[in-house]
Number of protein chains: 2
Amino acid sequence: MTGSVDTPAPDETEAPHPATGLDDVVHQRIRLGILTIAHEARRVEFGFLRTQLELTAGNLSKHLGVLETAGLVQIEKGYAGRRGRTWISLTAAGDAALAEEITRLKQLIARVDTTNGQ
Amino acid sequence: MTGSVDTPAPDETEAPHPATGLDDVVHQRIRLGILTIAHEARRVEFGFLRTQLELTAGNLSKHLGVLETAGLVQIEKGYAGRRGRTWISLTAAGDAALAEEITRLKQLIARVDTTNGQ
DNA sequence: CCAATCGGTTTGCTATGGAAACCTATTGGC
DNA sequence: GCCAATAGGTTTCCATAGCAAACCGATTGG
């Protein structure tokens, strides 16, 4: 037992860095893209997300799974003509999570910008 | 060979989503925090980053390694009194990469905000 | 001089991200 | 009507990333 305790200080001055509060489920590049696009429209097609974000179908499918499991999006399967089609929409939780992420990012950007001379 | 080709459309209308251009090395939560803090001061101590970002030393060490390998930060080892100490500072490339990230994030935030009723 | 602390690096496990393979319709040629 | 090709996704599998624990060398305190 000669090692350090190796845990961060509990932080008494209370003012965690904005990056600390980011949720990895939301912050991840592709998922942030999905949430953003889903926020713009009420419902989005799987294929639309795929082309907009330049993803393989498999990759998109995985990320949607993560978001659905986290309760941030709702997946609906139906038909467009006779072809099967999948639509994605934000849940209330998803909307809130995106808002939270945006808030943190704004804080972070503000800190960078104020030390920029601009 | 009955499967789909499984690659995204080349995108003719040319206007990739902001999330598409984010660099994972920079965008990652902790590394974004490191770059942001390093941007505020000219040089930062390892221990300062550790407490601000609430990380274990091992975790921080790894992420610094990634950033250094990418050429985004410079690591300097020296002494504070007789204790060894490590300082981190942004390189020009690091500063540029952070600026790029911030630009993308602003675009992304703008899209979310304009569809917010606010 | 021995134990504990500081300041960090390396090791090792787990989970995530991504492409390729696969699967089930549907549509188009002949 | 039958076979090949395409649409639209899901599942499998591998490589890497992220994280904590173990470790390591100096320094300081009792």
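Please treat every number below as a calculation from the coordinates, not as lab data. Nothing here was measured: the structure is a model prediction, and the numbers come from that model. So basically every Cβ, Gly included, is an ideal-geometry build from the backbone, and we count neighbours across all protein chains shown.
Here are some notes:
- The distance between label points at A:Asp24 and B:Thr51 comes to 2.5 nm (points 7 Å beyond Cα on the Cα→Cβ vector).
- Over chain A, dividing the summed -39,500 (n - 2.57) contributions of all DSSP H runs of at least 4 residues by the number of residues returns a 222 nm mean residue ellipticity of -15500 deg cm²/dmol.
- Placing a label point 7 Å from the Cα of A:Glu100 along the Cα-to-Cβ direction, the distances to the matching points in the other copies come to 3.1 nm, shortest first.
- Amide hydrogen proximity for A:Arg85: with H placed 1.01 Å from N in the peptide plane, the residues at 5 or more positions away or on another chain lying under 5 Å are A:Gly78, A:Tyr79, A:Ala80.
- Under the Karplus curve 6.51 cos²θ - 1.76 cosθ + 1.60, θ = phi - 60°, whole-Hz ³J(HN,Hα) for the range B:43-53, x wherever Gly or Pro sits: 9, 10, 7, 3, x, 5, 4, 4, 6, 4, 9
- Annotation: chain A has a Kirkwood hydrodynamic radius of 16.6 angstrom, from the mean reciprocal C-alpha pair distance.
- Hz values of 3J(HN,Hα) by residue in the range A:18-26 - Karplus curve (6.51, -1.76, 1.60), Gly and Pro given as x: x, 4, 4, x, 6, 8, 4, 4, 7
- Considering only alpha-carbon pairs that sit under 8 angstrom and 6 or more positions apart, the relative contact order computed for chain B is 29 percent.
- Loop-located chymotrypsin sites (Phe, Trp or Tyr not before Pro) in the range A:21-118, at most 15 other Cβ atoms within 10 Å (DSSP): none
- With at most 15 other Cβ atoms within 10 Å, longest stretch of chain B clear of loop GluC sites (Glu not before Pro) (DSSP): B:15-118
- Checking every one of the trypsin sites (Lys or Arg not before Pro) in the range B:11-118 against DSSP loop status and a limit of 13 other Cβ atoms within 10 Å picks out B:Arg42, B:Arg43, B:Arg82.
- A:Glu40/A:Ser61 FRET efficiency (R0 22 Å; Cβ-Cβ; nearest 0.05): 0.55
- Distant-in-sequence amide contacts of A:Gln28, defined by a placed amide H-H separation under 5 Å and a gap of 5 or more residues or a different chain, comprise nothing.
- The angle between the Cα long axis of helix A:57-69 and the main principal axis of chain A comes to about 60°, on a 0 to 90 degree scale.
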